[in-house]
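Take a look at the structure set out below.
The values are calculated or read from the model by the stated rules, or taken from the named source; none is laboratory data. All values derive from a computational prediction rather than experimental measurement. As a convention, Cβ positions derive from the backbone with ideal geometry for all residues, glycine included, and neighbour counts pool all protein chains shown.
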Amino acid sequence: MISDIQKDAERRMQKSIETLKTELAKIRTGRPHPSLLDHVTVDYYGSQVPLSQVANINVEDARTLSVTPWEKPMVSVVEKAILKSDLGLNPSTSGSVIRVPMPPLTEERRRDLARVVKSEGEQAKVAVRNIRRDANSDFKSLLKDKQISEDEARGAEDTIQKLTDKYVAAIDVVLQEKEQDLLSI
C-alpha cells in the first residue's frame, strides 16, 4: 500500500520533469530546430492538428526553418497558424514553401525568455509539491482507516519529502542549464 503510493508519486514527479523539458524545448535559444513549431496547431478540415501532421518542417540554414505543407490549399492555413502562435515569427511564402526566418535574439528578448523559463520551472515545482500533498493525504486516510500505524505514516511522509526535494533539485538543474543556454551568445 505505502510502496504503491510512493511509486505512483515518483512516477508522476518524473512525468512533471519530462513535461518541463518538453515545454523548455519550445523556448528557442540560438539555432532554429523543427521542434520549435511542435505546439503550433493547424485547422485541418475542421479539426485542430499539430503542424507536423500536415507539413514537413526542416532547418534550411542557421537562421531559417522551411515548412512544406503536403497539400497546396494548406499553405495559407499553415502560414496563418505560425503567425498566430506565441513565438513572434513572421513566415513568408514562396510557392508551396513557407520560410520562417528566426530573428536574432536581443539581450532584452533573452531576459524575457529567461523569465518565461523561470515561470515554467515554478509551475513544475508546484506540480511536484501537489503530488507530495496528494501522497500525504493518501497516507493520512490510510492512518485514519487504521490500515497503517502512525510510525509507518510518518516514515512514508519523510520518504515522500525526500522524493520531493530530489525532484525540485532536478528541476533547478534543468532550469539552470536552459538559462545558461539562453543567456550565452
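Within the range 1-55, which residues are assigned to a strand (DSSP E or B) and among the polar types (S, T, N, Q)? Explain how you work it out, then say what you get.
Quick first cut of the range 1-55, residues assigned to a strand (DSSP E or B) only: 41-44, 47-50, 55.
Hits for the range 1-55 are Thr41, Ser47, Gln48.
Scan the range 160-185 and report the pairs whose first residue is without any contact (Cβ under 8 Å) to a residue 40 or more places away in the chain and whose second residue is of a type in the set (S, T, N, Q) and part of a helix (DSSP H, G or I), with Cβ atoms within less than 9 Å and a gap of 6+ or a chain change.
From the range 160-185, the pairs are Gln161/Asn136.
Among the numbered conditions (1) surrounded by fewer than 15 Cβ atoms within 10 Å (Cβ to Cβ); (2) at pLDDT below 85; (3) among the hydrophobic types (A, V, I, L, M, F, W, C); (4) not assigned by TED's automatic domain parsing to the domain that holds Gln48, tell me where Val126 comes up short.
Just one mismatch for Val126, condition (2).
Would it be correct to say that Met102 is surrounded by 15 or more Cβ atoms within 10 Å (Cβ to Cβ), out of contact with any Leu (no Cβ under 8 Å at 6 or more places or on another chain), farther than 22 Å from Lys7 by Cβ and not charged (D, E, K, R)? Show your work before the answer.
Numbers: surrounded by 15 or more Cβ atoms within 10 Å (Cβ to Cβ): yes; out of contact with any Leu (no Cβ under 8 Å at 6 or more places or on another chain): no; farther than 22 Å from Lys7 by Cβ: yes; not charged (D, E, K, R): yes.
In short, no.
Which one is modelled with the lowest pLDDT among residues in the range 22-32 that are surrounded by 14 or more Cβ atoms within 10 Å (Cβ to Cβ) and of a type in the set (D, E, K, R)?
Out of the qualifying residues, it is Arg28.
In the range 120-161, what residues are assigned to a helix (DSSP H, G or I) and over 21 Å from Gln14 (Cα atoms)? If you could, list the steps in order and put the result at the bottom.
Filtering the range 120-161 down to residues assigned to a helix (DSSP H, G or I) leaves 120-144, 150-161.
Within the range 120-161, Lys140, Ser141, Leu142, Leu143, Lys144, Glu150, Asp151, Glu152, Ala153, Arg154, Gly155 qualify.
Here is a yes/no grid of residues against (1) of a type in the set (A, V, I, L, M, F, W, C); (2) under 22 Å from Glu18 (Cβ atoms); (3) out of contact with any helix residue (DSSP H, G or I) (no Cβ under 8 Å at 6 or more places or on another chain):
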{"residue": "Ser92", "(1), (2), (3)": "no, no, yes"}
{"residue": "Thr106", "(1), (2), (3)": "no, no, yes"}
{"residue": "Val117", "(1), (2), (3)": "yes, yes, no"}
{"residue": "Gly121", "(1), (2), (3)": "no, yes, no"}
{"residue": "Asn130", "(1), (2), (3)": "no, yes, yes"}
{"residue": "Ser137", "(1), (2), (3)": "no, no, yes"}
{"residue": "Ser141", "(1), (2), (3)": "no, no, yes"}
{"residue": "Asp145", "(1), (2), (3)": "no, no, yes"}
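Which condition does Thr41 not pass, out of (1) closer than 30 Å to Leu163 by Cα; (2) within 18 Å of the chain's Cα centre (by Cα), if it passes all the others?
Here Thr41 clears every test but (1).
For every residue, the table says whether it meets (1) in the same structural domain as Ile148 (by TED's automatic domain parsing); (2) surrounded by 17 or more Cβ atoms within 10 Å (Cβ to Cβ); (3) more than 30 Å from Leu163 (Cβ to Cβ).
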{"position": "Gln6", "(1), (2), (3)": "yes, yes, no"}
{"position": "Thr19", "(1), (2), (3)": "yes, no, no"}
{"position": "Gln48", "(1), (2), (3)": "no, no, yes"}
{"position": "Asn56", "(1), (2), (3)": "no, no, yes"}
{"position": "Thr64", "(1), (2), (3)": "no, no, yes"}
{"position": "Glu79", "(1), (2), (3)": "no, yes, yes"}
{"position": "Lys84", "(1), (2), (3)": "no, no, yes"}
{"position": "Leu89", "(1), (2), (3)": "no, yes, yes"}
{"position": "Lys118", "(1), (2), (3)": "yes, no, no"}
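Would you call Leu37 buried (at least 18 other Cβ atoms within 10 Å of the Cβ), touching a Lys or Arg at 6+ places or on another chain (Cβ under 8 Å) and either more than 22 Å from Pro101 (Cβ to Cβ) or not polar (S, T, N, Q) (or both)? Show your work before the answer.
Working: buried (at least 18 other Cβ atoms within 10 Å of the Cβ): yes; touching a Lys or Arg at 6+ places or on another chain (Cβ under 8 Å): no; either more than 22 Å from Pro101 (Cβ to Cβ) or not polar (S, T, N, Q) (or both): yes.
For Leu37, the condition - buried (at least 18 other Cβ atoms within 10 Å of the Cβ), touching a Lys or Arg at 6+ places or on another chain (Cβ under 8 Å) and either more than 22 Å from Pro101 (Cβ to Cβ) or not polar (S, T, N, Q) (or both) - is not met.
If you scan the range 50-93, which residues turn out to be without any contact (Cβ under 8 Å) to a residue 24 or more places away in the chain, out of contact with any Pro (no Cβ under 8 Å at 6 or more places or on another chain) and charged (D, E, K, R)?
Once the filter is applied, which keeps residues that are without any contact (Cβ under 8 Å) to a residue 24 or more places away in the chain, out of contact with any Pro (no Cβ under 8 Å at 6 or more places or on another chain) and charged (D, E, K, R), the range 50-93 yields Asp61, Glu71, Lys80, Lys84, Asp86.
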